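Colleague: Below are the structure tokens for one structure; questions will follow.
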Amino acid sequence: MYKLTGVTKLYQKGRRTVPAVRDLDLVIEDGEWLAVQGRTGHGKSTLLNLLGGLDRPTEGTVELDGINLGALRETQLTRVRAESIGFIFQTFNLIPTLSAAENVEAALIPLSITAAARRARIAAALESVGLADRAAHLPSEMSGGQQQRTAIARALVKEPTVLLADEPTGNLDEDTRDDIIALLERLWRDRGLTLVLVTHDTSVARRAQRAGVMSKGHLTIKQDNRPGPRPESHAVTAAHDPAT
Amino acid sequence: MFFVTYLRRELRRRMRQAIFVALGLAVGIGLVVTVSAASAGVKKAEASVLSSLYGVGTDVTVTGSAPQPGKPTAGGQTPKGGTQISGSPSGATICQDGKCENAAGKTISSLVPEYLPIKSAEVADVARLHDVLAAAGGLLLTENTITFPKNFGQSGGSAPPTPNTLSVDGVDTGHAALGPLSNASLTSGHSFTAAESDADVAIVDSGYATSGNLKVGSTITIDSVKFTVIGIVRQPQSTSPPDVYIPLEVAQALKTGPLGVETGDVNTIYVTATSAADIPAVQHEITKLLPHDTVTTAASLASEVTGSVASAAKLANDLGKWLAVLVLIAAFALASLLTMSAVARRVGEFGTLKAIGWRTRQIVVQVLGESVAMGVVGAVVGVGLGFAGAAIISKVAPKLSALIPGAGGGGTFQSQSVNGGPVSRTIGGSPDRTIPVPLHPSITVGVILLAVLLAVAGGLVAGLFGSWRIAKLRPADALSRVA
């Protein structure tokens, strides 16, 4: 479970200080799917970076399962990323010289796993995204959808509890987008993942349990389809949309 | 396995850049190897000159002071044992020990030591010094023979004749491993035996034997004493050896003019130190013990050797060394810049690796691995280039020569031309010698190891620059650049 309290992230651009995220309070339950929308430059990716331990807040705390990520040393933070958090990027970010299987294997390098276990996990991960027959292909030999599937396999091969996706369908056509979102939804359900997905696409956001919009560093929850009663504290947002 | 696969694929992707970096390092390494090989060849040539001058096993040589040319004594008298030749309109006159006679048609000979004498007790003193393993005396002599034409000294007569010189070395037969014969190879006959220490026997140099048509059993005359040739030796090619070797005791008994030696005197001491590290100390101790004599080591003698071998050594040590250093620096800088540039282009890749949990150290090892691999390729190619460079030098390098200063002094003759201006001729001592020295560049295992180390260091330096950039890389920044 994520718990963000009073999180502010400021960037220095020359002499100007630019707030990317402002005074954000947010709780994301284990196994929840949260979609974040918003215009470019309004803090979506910054929020994702803070959740993934790629960046530290200027103020406030980001806690994952009770651990304050901002207080961890870099090596500890790297360990959290290696074991618990999977990333998916808009541009896939596959290593162009490595095959699909080797790209997936790259995620297992920081973990102490035997070669046999590693091979089994890679095969299972590629199988789960429907790319068992493409294991030896280089990214340049695959379509955009296949590359994103490879990236998803790389994110999931280490069996994380959290999956952070930054516009994963931004570079894909509609059909492929639907395939990828369907795949993510299936994996989210099957594995009980906590999924935070940044997207510009409203149709994608609608499929999430909760969806919010980032605007000028504030997150406003627009949709909440989570089942059952929710404790008040778990529905905290930085700024509530007056319309909801 | 993953490390190797990733490294190999990445180098293949950047093939042109990798080749460029490896070639840059290879040129630098090749130059280092070539210069080292040439330098080693020159050093070897120098060493061969020095060892032949010294003899194997000799670390320090002590020689008596160089004798000054003989001068007429006050009142125009000739020094005792000296010879003065004077010219007048009626002919030339030789004055020797106060007796004067017409020089025309006469043949005179004189045996002179090349250096002033050293007492035999001093050889023993040197042998007793701390750090001295062994010491042996030697007596270097020169016999000058001059024949005056019948019309010498007359108006319109012949020019002053050129003397024939025979260099004679008295060797301590009890110390065969020390001194001038230690480096020689016997081509026929036998070397001195203990029983021959006081016999009139001689070993002659092969060059002198050829020119004088001498064989084992032939006889030669030195200072009116007949010697039987018992052996013929060949000294290393780069030397200008004495013509004749005779037992030290016999040499000491010969008449040696006004600078003559007394019984037991020597004018050279060959010294072996207990270890190479002790040579400077031994040199210092002997200098303190014999302040008026000249103490030389291979190092000090090397500074006196001139000629093209010295110029080549200077060229290899100065220009060659600095050129190699400059090219290496340029190659290191090029490799570093290209690695930095490659890292800059791969910021997104490294950011992604950090995002998926790679530690900075793991990424740095990967980048260093790539750089070191380029360095190793550079080393292999560079060593090959070095061998090629050494082969080219061996083929095209001009023949070297070493100019070895003579012992100087020792004159006992003076002549004066009949036409006026005084012409002084110094006979005795040894003249400067020019020795041809073959240059064979040699590449040692040490040089190859150095080359590999340098290339790997070049790769490491380049990789470290890249690694520094990676270490500073924040994953969020790196990923935002990709976006």
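Colleague: What number of residues within segment A:153-195 are closer than 14 Å to residue A:85 by Cβ and surrounded by 18 or more Cβ atoms within 10 Å (Cβ to Cβ)? Talk me through it step by step, then tell me what you get.
Modeller: Let us first name the residues in segment A:153-195 that are closer than 14 Å to residue A:85 by Cβ, namely A:154-166, A:191, A:193-195.
From what is left, the residues that are surrounded by 18 or more Cβ atoms within 10 Å (Cβ to Cβ) are A:154-158, A:160, A:162-166, A:193-195.
So the count comes out to 14.
Colleague: Follow-up question, since we're still on this one. Just to verify a result, which residue in segment B:322-346, among those that are buried (at least 19 other Cβ atoms within 10 Å of the Cβ) and closer than 30 Å to residue A:104 by Cβ, is nearest to the other protein chains (Cβ to nearest Cβ)?
Modeller: So the residue we want is B:346.
Colleague: Looking only at segment A:34-43, which residues are exposed (fewer than 14 other Cβ atoms within 10 Å of the Cβ) and either assigned to a helix (DSSP H, G or I) or within 14 Å of chain B (Cβ to nearest Cβ) (or both)? Let's see the steps before the verdict.
Modeller: Taking segment A:34-43 as the starting set, the residues that turn out to be exposed (fewer than 14 other Cβ atoms within 10 Å of the Cβ) are A:39-41.
Hits for segment A:34-43 are A:40, A:41.
Colleague: Oh, and also: Within segment B:9-23, track down each residue that is free of Cβ contacts under 8 Å to residues at least 12 places away in the same chain and either of a type in the set (Gly, Ala, Ser) or facing chain A (nearest Cβ under 9 Å) (or both).
Modeller: B:9, B:12, B:13
Colleague: Taking residue B:389, is it closer than 30 Å to residue B:440 by Cβ, modelled with pLDDT of 90 or more, open to solvent by 10 Å² or more (accessible area, probe 1.4 Å) and part of a helix (DSSP H, G or I)? Before the answer, list the steps.
Modeller: Working: closer than 30 Å to residue B:440 by Cβ: yes; modelled with pLDDT of 90 or more: no; open to solvent by 10 Å² or more (accessible area, probe 1.4 Å): yes; part of a helix (DSSP H, G or I): yes.
Spelling it out, it is not the case that residue B:389 is closer than 30 Å to residue B:440 by Cβ, modelled with pLDDT of 90 or more, open to solvent by 10 Å² or more (accessible area, probe 1.4 Å) and part of a helix (DSSP H, G or I).
Conditions tested, residue by residue: (1) closer than 30 Å to residue B:379 by Cβ; (2) modelled with pLDDT under 75.
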| position | (1), (2) |
| --- | --- |
| B:46 | yes, yes |
| B:81 | no, yes |
| B:114 | no, no |
| B:118 | no, no |
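Colleague: In addition: Tally up the residues in segment A:89-105 that are over 18 Å from residue A:123 (Cα atoms), facing chain B (nearest Cβ under 9 Å) and not aliphatic (A, V, I, L, M), please. So that I can check it myself, show each step before the final result.
Modeller: First, pick out the residues of segment A:89-105 that are over 18 Å from residue A:123 (Cα atoms): A:89-93, A:95-97.
Narrowing further to those that are facing chain B (nearest Cβ under 9 Å): A:89-91, A:93, A:95-97.
Cutting the leftovers down to not aliphatic (A, V, I, L, M) gives us A:89-91, A:93, A:96-97.
Summing the residues that are over 18 Å from residue A:123 (Cα atoms), facing chain B (nearest Cβ under 9 Å) and not aliphatic (A, V, I, L, M) in segment A:89-105 gives 6.
Colleague: Could you look through segment B:430-468, keep only residues that are open to solvent by 90 Å² or more (accessible area, probe 1.4 Å) and modelled with pLDDT of 80 or more, and pick out the one that is nearest to the other protein chains (Cβ to nearest Cβ)? Walk me through how you get there before you give the answer.
Modeller: As a first pass, look at segment B:430-468 and keep what is open to solvent by 90 Å² or more (accessible area, probe 1.4 Å): B:431-432, B:434, B:440, B:445, B:449, B:453, B:464-465, B:468.
Checking the rest, the ones that are also modelled with pLDDT of 80 or more come to B:445, B:449, B:453, B:464-465, B:468.
Working: B:445: 37, B:449: 33, B:453: 29, B:464: 20, B:465: 21, B:468: 16 Å.
So the residue we want is B:468.
Colleague: For segment B:15-44, what are the residues that are modelled with pLDDT under 85 and among the charged types (D, E, K, R)?
Modeller: If the condition is that a residue be modelled with pLDDT under 85 and among the charged types (D, E, K, R), then B:43, B:44 are the ones that fit.
Colleague: Ok, one more. Show the residue pairs meeting these rules: Cβ distance below 9 Å; 6+ apart or different chains; first residue within segment A:141-165 and on the phi > 0 side of the Ramachandran plot; second residue buried (at least 22 other Cβ atoms within 10 Å of the Cβ).
Modeller: What qualifies is A:159/A:86.
Colleague: Run down A:59, A:74 and say which single residue is more than 28 Å from residue A:207 (Cα to Cα), acidic (Asp, Glu), surrounded by fewer than 20 Cβ atoms within 10 Å (Cβ to Cβ) and within 11 Å of chain B (Cβ to nearest Cβ).
Modeller: Only one candidate passes the filter, namely A:74.
Colleague: Is it the case that segment A:180-194 has a residue that's in contact with a helix residue (DSSP H, G or I) (Cβ under 6 Å, 6 or more places away or on another chain) and within 14 Å of residue A:151 (Cα to Cα)? Give the derivation first.
Modeller: Initially, segment A:180-194 is screened for residues in contact with a helix residue (DSSP H, G or I) (Cβ under 6 Å, 6 or more places away or on another chain), giving A:180-181.
If we keep only those that are within 14 Å of residue A:151 (Cα to Cα) too, we end up with A:180-181.
Taking every residue of segment A:180-194 in turn, at least one turns out to be in contact with a helix residue (DSSP H, G or I) (Cβ under 6 Å, 6 or more places away or on another chain) and within 14 Å of residue A:151 (Cα to Cα).
Colleague: Check residue A:67 against each of (1) within 13 Å of chain B (Cβ to nearest Cβ); (2) aliphatic (A, V, I, L, M); (3) open to solvent by 10 Å² or more (accessible area, probe 1.4 Å) and name the one condition it does not meet.
Modeller: Every listed condition holds for residue A:67 apart from (1).
Colleague: What residue, of A:20, A:71, A:100, A:82, is among the hydrophobic types (A, V, I, L, M, F, W, C) and touching a strand residue (DSSP E or B) at 6+ places or on another chain (Cβ under 7 Å)? Reasoning before the result, please.
Modeller: On the way: A:71 fails: touching a strand residue (DSSP E or B) at 6+ places or on another chain (Cβ under 7 Å); A:100 fails: touching a strand residue (DSSP E or B) at 6+ places or on another chain (Cβ under 7 Å); A:82 fails: touching a strand residue (DSSP E or B) at 6+ places or on another chain (Cβ under 7 Å).
When all the criteria are applied, what remains is A:20.
Colleague: Further question on the same structure: Within segment A:77-88, track down each residue that is open to solvent by 20 Å² or more (accessible area, probe 1.4 Å) and more than 8 Å from chain B (Cβ to nearest Cβ).
Modeller: As a first pass, look at segment A:77-88 and keep what is open to solvent by 20 Å² or more (accessible area, probe 1.4 Å): A:79-80, A:83-84.
Scanning segment A:77-88 gives A:80, A:84.
Colleague: Another question, then. Tell me the residue from B:134, B:104 that is open to solvent by 20 Å² or more (accessible area, probe 1.4 Å) and outside any strand (DSSP E or B), please.
Modeller: B:104
Colleague: If you go through segment A:11-33, how many residues are surrounded by fewer than 16 Cβ atoms within 10 Å (Cβ to Cβ) and either among the hydrophobic types (A, V, I, L, M, F, W, C) or assigned to a strand (DSSP E or B) (or both)?
Modeller: The total comes to 7.
The values are calculated or read from the model by the stated rules, or taken from the named source; none is laboratory data. Source: prediction; values computed, not measured. Note: ideal-geometry Cβ built from the backbone for every residue, glycine included; neighbour counts use all protein chains shown. The accessibility values were calculated without ligands, DNA or RNA, using every heavy atom of the protein model including side chains. Shrake-Rupley method; radii C 1.70, N 1.55, O 1.52, S 1.80 Å.
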